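Let me begin by presenting the structure, written as structure tokens, before commenting on it.
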Amino acid sequence: MFLEIDFESNIAIYEQIRRAFIVGLARGDLKKGDKLPSVRDLAEEIGINLHTVNKAYKLLASDGFIVMDRRFGSMVGKDFEPVDDKEVNLIKDELAYLASFAKLKGLSKEDFIACIENIWEDKND
């Protein structure tokens, strides 16, 4: 599986799981309709509490990326809703932080934009 958890990271484990799934979707590692591991199975595979995985899955469901069904398990959603104004603002906030961090660390504007373009292309093959 494409999921790697950094137990030394400052990013919460549930958020690492959420981000890994979103990146996996964008890269095509996961496809719409794919069945996901059960909360229990993924927790055991990673070696973490099942409530942590459940929190990640609930966030992914609220983002509209997965569908959770007690009878059939969790799967990647078939249709994603277009980005809304709230999500655009979240994206802008994240980019503002990342751009500021990069600027303070000496990364040029051109290199920062090139990073974004390279990531975008890699995720949208």
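The values are calculated or read from the model by the stated rules, or taken from the named source; none is laboratory data. Just so it is clear, the structure is predicted and the values come from calculations on it, not from any experiment. Here Cβ is always computed from backbone atoms with ideal geometry, including for glycine, and neighbour counts include all displayed protein chains. Remember, those area values only see protein heavy atoms, side chains included, never the ligands or the DNA or RNA. Shrake-Rupley method; radii C 1.70, N 1.55, O 1.52, S 1.80 Å.
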From the options Ile11, Ile91, Ile17, residue that is among the hydrophobic types (A, V, I, L, M, F, W, C), in a helix (DSSP H, G or I) and open to solvent by 40 Å² or more (accessible area, probe 1.4 Å): Ile91
Among (1) of a type outside the set (Phe, Trp, Tyr); (2) under 24 Å from Leu30 (Cα atoms); (3) surrounded by 10 or more Cβ atoms within 10 Å (Cβ to Cβ), where does Pro82 come up short? (3)
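If I go through segment 23-78 residue by residue, how many of them are part of a helix (DSSP H, G or I) and among the small types (Gly, Ala, Ser)?
So the first thing to find is which residues in segment 23-78 are part of a helix (DSSP H, G or I), and the list is 23-27, 39-46, 50-62.
Then keep just the ones that are among the small types (Gly, Ala, Ser); that gives 24, 26, 43, 56, 61-62.
Qualifying residue count, segment 23-78: 6.
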For segment 45-55, what are the residues that are modelled with pLDDT of 95 or more and either open to solvent by 90 Å² or more (accessible area, probe 1.4 Å) or touching a Leu at 6+ places or on another chain (Cβ under 7 Å) (or both)? His51, Val53, Lys55
How many residues are among the aliphatic types (A, V, I, L, M) and open to solvent by 60 Å² or more (accessible area, probe 1.4 Å) if we restrict to segment 56-73? 2
For residues that are at pLDDT below 95, open to solvent by 90 Å² or more (accessible area, probe 1.4 Å) and charged (D, E, K, R), scanning just segment 95-125, find the one that is farthest from Lys31 (Cα to Cα). Glu117
Looking for something open to solvent by less than 40 Å² (accessible area, probe 1.4 Å) and either in contact (Cβ under 8 Å) with a residue 60 or more places away in the chain or farther than 20 Å from Leu3 by Cα (or both) - is there at least one such residue anywhere in segment 21-38? yes
